[in-house]
Amino acid sequence: ATGKRVGVIGGGPGGLTAAYYLSLKGNRVTIVDSMPQMGGMLRYGIPDYRLPQEVLERDIEHILTTGINVITDVSIGRDVTMEDIQKSYDAVYISIGAHNDKKIGIEGEDAENVVSAVSLLRRIDEGNAPDFTGKRICVIGGGNVAMDVVRTAVRLGAEEAYIVYRRSEAELPARVEEVHHAKQEGIEFRMLT
């Protein structure tokens, strides 16, 4: 044991990894996370069909066997100050992730029934999945997150699901296998749109 206390802000992949190795090195580690459960975007951004929650839970439990303390539902700046955090630990590692939405700057992006990929996936993982039964869903974008959202929409009952992308299919940033799977699931691609 080093006798040192380390605070890790954020219980996503980066925070969990840092906490695990810091704990193995003999430090007393506490993870502070603003969400009700740890995992970050692994939990709140990746659909269950790609990363089952049981697998994530198993990995987190293994990491915690090293003696890491966990505090959830605490936001730095809202529930506790950064100054208090710094006073409580010998070192602080900040790993707050990338939970922000991207806006594209077009008219109507704040309209009713227009939601960001990050907020939709988080809502689903928090147990508040929308019912898309019989709906037509359009996803703007061509990356892996767009494929996750459009494929999830189909799983939530969407009658029609579309990817709308501004470039050609050859320029899609999503992995080839993701595009292939989306097409197999009946998702229509509207390119150069």
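Against the numbered list (1) among the β-branched types (Val, Ile, Thr); (2) at pLDDT 95 or above; (3) over 25 Å from ALA146 (Cα atoms), ILE76 comes up short only at (2). For the structure I just gave you, tell me whether THR65 is in contact (Cβ under 8 Å) with a residue 24 or more places away in the chain and polar (S, T, N, Q). No; evaluated as a whole, the condition is false for this residue. Among strands (runs of 3 or more DSSP E) lying entirely in the range 1-97, which contain 3 or more residues that are on the phi > 0 side of the Ramachandran plot, of a type in the set (Gly, Ala, Ser) and surrounded by 20 or more Cβ atoms within 10 Å (Cβ to Cβ)? Result: empty, no element qualifies. Annotation note: Cβ proximity below 7 Å between a residue of the range 113-139 that is within 16 Å of ALA182 (Cβ to Cβ) and in contact (Cβ under 8 Å) with a residue 60 or more places away in the chain and a residue that is of a type in the set (Val, Ile, Thr) and open to solvent by less than 60 Å² (accessible area, probe 1.4 Å) (sequence gap 6+ or interchain) occurs for LEU121/VAL149.
Only one of the listed residues (VAL139, VAL114, VAL118) is surrounded by 14 or more Cβ atoms within 10 Å (Cβ to Cβ) and either part of a loop (DSSP other than H, G, I, E, B) or at pLDDT 95 or above (or both). That residue is VAL139.
The values are calculated or read from the model by the stated rules, or taken from the named source; none is laboratory data. Predicted model only: the values in this text are computed from it and were never measured. In this analysis, Cβ positions are derived from the backbone assuming ideal geometry, glycine residues included, and neighbour counts consider all displayed protein chains. Just so you know, the surface numbers come from the protein's heavy atoms only, side chains and all, with ligands and any DNA or RNA stripped out. Shrake-Rupley method; radii C 1.70, N 1.55, O 1.52, S 1.80 Å.
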